[in-house]
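Data block below; observations after.
The values are calculated or read from the model by the stated rules, or taken from the named source; none is laboratory data. Nothing here was measured: the structure is a model prediction, and the numbers come from that model. As a convention, Cβ positions derive from the backbone with ideal geometry for all residues, glycine included, and neighbour counts pool all protein chains shown. Note: areas computed on protein heavy atoms with side chains; ligands, DNA, RNA excluded. Shrake-Rupley method; radii C 1.70, N 1.55, O 1.52, S 1.80 Å.
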Amino acid sequence: MARFVYLISPKRLNNNFYIELSKVLKSKKVKYFQLRLKGKKDKYVLNILKKVKKITKKYRVKLILNDNPYLALKSNVDGCHIGQLDTKVSIARKILKKKILGVTCHSSLNLIRKAENFNADYIGVGSFFKSKLKPKAKKAKIVDLKKIRDKTKLPIVAIGGVNQKNYKKLLNSGANYIAISSFIWNNPILNPSDAIKRIK
């Protein structure tokens, strides 16, 4: 079975986080796990990465750090994801060398070309639906996704408010992966291991 989920960590990690992460990754649906801890000190992030790395390694999931290519290199994770307001793509590629580089491109062909020019490994496209994680994110439409799919060979991660009701639309419109966070970690009805079962 192809792994098609790009899992993003919750904003805050509770005491059960590591156990729940193990259960979710055990589903064998997750290709990438992104640790996204905004505004936390490097020392704290490195400590978390050390613990998470053991889990992602066990389940053969690629571990991606958000925003910080220097720390991604230092901690020897699989790669780094950068947004348009973070490190420049050209600089991030130099720092990461052959590690995975993912770039948020919204739905801009101009930004996608830039990502291609500096050998990004995948692009984040969206935001397609209302997102708790990024409520002010730029909006994209399904029709944009289809156009982008025709214009680039890079793997596409579709982002923004993805849940059990809408994820198939994205996969059917050309996304290679779906980025999920709130549906797994902040689901009012399902625990994380039951939530991932709904994404088939």
* **Of the criteria (1) in a helix (DSSP H, G or I); (2) out of contact with any Phe, Trp or Tyr (no Cβ under 9 Å at 6 or more places or on another chain); (3) within 20 Å of Ala195 (Cα to Cα), which one Ala2 fails** => (1)
* Structure fact -> Subset of region 84-96, residues open to solvent by 10 Å² or more (accessible area, probe 1.4 Å) and touching a residue at least 24 places away in the same chain (Cβ under 8 Å), comes to Gln84, Val89, Ser90, Arg93, Ile95
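When residues of region 97-108 are filtered for being open to solvent by 70 Å² or more (accessible area, probe 1.4 Å) and over 20 Å from Lys31 (Cα atoms), how many remain? It would help to see each step written out before you state the result.
Just the residues of region 97-108 that are open to solvent by 70 Å² or more (accessible area, probe 1.4 Å), to begin with: 97-98.
When the remaining residues are screened for being over 20 Å from Lys31 (Cα atoms), the result is 97.
Here the count works out to 1.
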* Structure fact -> Residue hits (region 41-79; surrounded by fewer than 14 Cβ atoms within 10 Å (Cβ to Cβ) and assigned to a loop (DSSP other than H, G, I, E, B)) are Lys41, Arg60, Asn76
* Restricting attention to region 156-175, does a residue exist that is touching a His at 6+ places or on another chain (Cβ under 9 Å) and among the basic types (Lys, Arg)? -> no
* When region 171-189 is examined, which residues are found to be aromatic (Phe, Trp, Tyr) and out of contact with any helix residue (DSSP H, G or I) (no Cβ under 7 Å at 6 or more places or on another chain)? -> Tyr177
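State which residue is surrounded by the fewest Cβ atoms within 10 Å (Cβ to Cβ) when the search covers only region 170-200 and only residues that are among the charged types (D, E, K, R) and without any contact (Cβ under 8 Å) to a residue 24 or more places away in the chain.
Residues of region 170-200 among the charged types (D, E, K, R): 194, 197-198, 200.
Restricting the remaining residues to those that are without any contact (Cβ under 8 Å) to a residue 24 or more places away in the chain gives 194, 200.
Working: Asp194: 13, Lys200: 10.
Residue satisfying both the conditions and the ranking: Lys200.
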* Residue by residue through region 119-167, note down the ones that are crowded, with 19+ Cβ neighbours inside 10 Å, out of contact with any Pro (no Cβ under 8 Å at 6 or more places or on another chain), not in a loop (DSSP other than H, G, I, E, B) and not hydrophobic (A, V, I, L, M, F, W, C). => Gly124, Gly126, Tyr167
* Quick one: which of Leu109, Leu101, Leu46 is under 30 Å from Lys151 (Cβ atoms), in contact (Cβ under 8 Å) with a residue 12 or more places away in the chain and over 17 Å from the mean Cα position of the chain (by Cα)? -> Leu109
* Asked: In the set Phe17, Phe33, which member is surrounded by 16 or more Cβ atoms within 10 Å (Cβ to Cβ) and without any contact (Cβ under 8 Å) to a residue 12 or more places away in the chain?
  -> Phe17
